[in-house]
Amino acid sequence: MVGMSRRRALISGGALGALGALVAASPAQARSLIGWTWSPSGSVAGSGAGADPNWVWDEQADRLLASLFERGVIPQVNELLWDWERNDQPLPDGLPPDLRDFMEQARQMPSWADPDKLELAAEFNKSRGIYLNLCNGPGGGILATAIPKEAQSVYYSAGGADMEDRVAKTSAFGFAVGSLNAYRPDGSCVVECVKTRLVHAAVRHLLPQSPHWQAATDEEIPISQEDMLVTWHTLPTFAMRTMREWEVPITDDEAEAYLHLWQVTAHVLGIADEYIPASWESAHAQSDQVMARNTGPTPEGVKLTDVLLGQLAEQTSPASISRPLCNALARYLVGEQVAEWDGIPREPVWDELIPEVWPLLVKFREGLIPLPAVPEAAWAVDEAVRQYILFYLTKGRQTKIEIPVHNRPE
Ligand code: HEM
């Protein structure tokens, strides 16, 4: 680490200060600055400074969380926020005033949010729930383990030691986004996003203090705006691409509404408007740019994948087929390259079968082919998917997102 750490630079001088410190510190890292060509003209803001998001974090939230840690008030804050659950619910009394001010501002919907599109997106989430849950749950989860920076952050943070709880918490978020009332007053999407924004700022404060994380990475602050975009693309962009591949019928209005839901979600999570893609075309261009430079194998990613697949297999029965089936389903969802990086074992029977039967199940579900056209073996896959989704929704309802106070205990 050079003289002034990036975190200190971030807190004292803002993102530009941190950028300067980095350029001076590492020409190799500085070179990657040249790599960012995606233009803010393709964003929901329509314009912006165009800074490489790899060197931008969440300045306001990060300063706030650092200060809350210094004051030792996070456990109290967690207690106070425990029952803050609905989008329209006033913030609890007793929060530190600076946190209250931040949250009042952070919970505002962006001026460009379109209630009609959000309603259509909610309907789309309902009618396409099975595909979306599959893509955003196991699909997005296993893709994330092939993003080295995310795998390392997750592994060495508190949640890395208890993946069941972490998956449940992430499910609470997924459940909120996918609900019919996501952004309605009685929904919980704003709440989960604002809590998650606080969690991420806490992680930016905590992880740099982990010797294990430091040893594993050459980063000094995790969860940059670019990292957020990468994960975002593993959710809506991946789901839309995958559903198109499966030939799920989707109207243009539905596709636009689904994108809009995730644009609003990105905003409330703390992604700056100048990085949020305004259209699918722009999203795909950004995804092609950021995914290529942010994916690959890590030992942490392999371990996390194994834990995730083990959990997935526990939800399905009978046990004799569950793990091989889950391995093959995961390989089918994320593709050969990611499956290899993540060390997903090959399954001679299911690896052949799933690519054959899943498209038939989709066609049957969409009323495009009659029942006899679906082979018997397909129903084991269908049942596994349904059991998993049930588990995912149930678990998500039983837990709440909280600000971590330590890293992975080792
Ligand atoms: C926590 C969602 C991006 C690392 C969380 C939580 C949610 C979430 C819902 C709370 C659950 C929990 O505490 O376990 C998202 C979404 C993202 C995103 C929707 C982008 C659209 C990222 C990125 C990284 C990251 C890019 C790292 C590079 C973490 C870590 C935690 C966390 C380390 C805390 C785990 C813990 O210690 O408990 N995220 N995340 N997230 N996220 Fe993210």
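The values are calculated or read from the model by the stated rules, or taken from the named source; none is laboratory data. It should be emphasised that the depicted structure is a prediction, and the values quoted were computed from it without experimental measurement. Note: ideal-geometry Cβ built from the backbone for every residue, glycine included; neighbour counts use all protein chains shown.
Just a few scattered comments:
- For segment 242-271, taking the residues that are among the aliphatic types (A, V, I, L, M) and part of a loop (DSSP other than H, G, I, E, B), the one that is farthest from Leu360 (Cα to Cα) is identified as Ile271.
- In this entry, Glu123 is excluded by the filter for residues that are without any contact (Cβ under 8 Å) to a residue 40 or more places away in the chain, charged (D, E, K, R) and either more than 16 Å from the ligand (Cβ to nearest atom) or within 21 Å of Ser287 (Cβ to Cβ) (or both).
- Taking the numbered list (1) touching an Asp or Glu at 6+ places or on another chain (Cβ under 9 Å); (2) more than 19 Å from Thr295 (Cβ to Cβ) in turn, Met163 passes all entries but (1).
- Any hit, segment 88-102, residues being out of contact with any strand residue (DSSP E or B) (no Cβ under 7 Å at 6 or more places or on another chain), surrounded by fewer than 21 Cβ atoms within 10 Å (Cβ to Cβ) and aromatic (Phe, Trp, Tyr): no
- Qualifying residue in segment 87-97 (condition: over 27 Å from Ile276 (Cα atoms) and not in a loop (DSSP other than H, G, I, E, B)): yes
- Tally of residues being more than 13 Å from the ligand (Cβ to nearest atom) and buried (at least 21 other Cβ atoms within 10 Å of the Cβ) across segment 207-219: 0
- Taken together, Arg244, Arg204 contain a single residue that is more than 8 Å from the ligand (Cβ to nearest atom), of a type in the set (Lys, Arg) and touching a residue at least 12 places away in the same chain (Cβ under 8 Å), which is Arg204.
- Residue in segment 218-225 that is touching a Leu at 6+ places or on another chain (Cβ under 6 Å), modelled with pLDDT of 95 or more and part of a helix (DSSP H, G or I) present: no
- Residue in segment 272-290 that is out of contact with any helix residue (DSSP H, G or I) (no Cβ under 9 Å at 6 or more places or on another chain), in a helix (DSSP H, G or I) and more than 13 Å from the ligand (Cβ to nearest atom) present: yes
- Restricting the first member to segment 152-179 and to residues that are near the ligand (Cβ under 9 Å from one of its atoms), and the second to residues that are assigned to a helix (DSSP H, G or I) and of a type in the set (Phe, Trp, Tyr), the beta-carbon pairs closer than 6 Å and six or more apart or on different chains are Tyr156/Trp213; Ser171/Tyr392.
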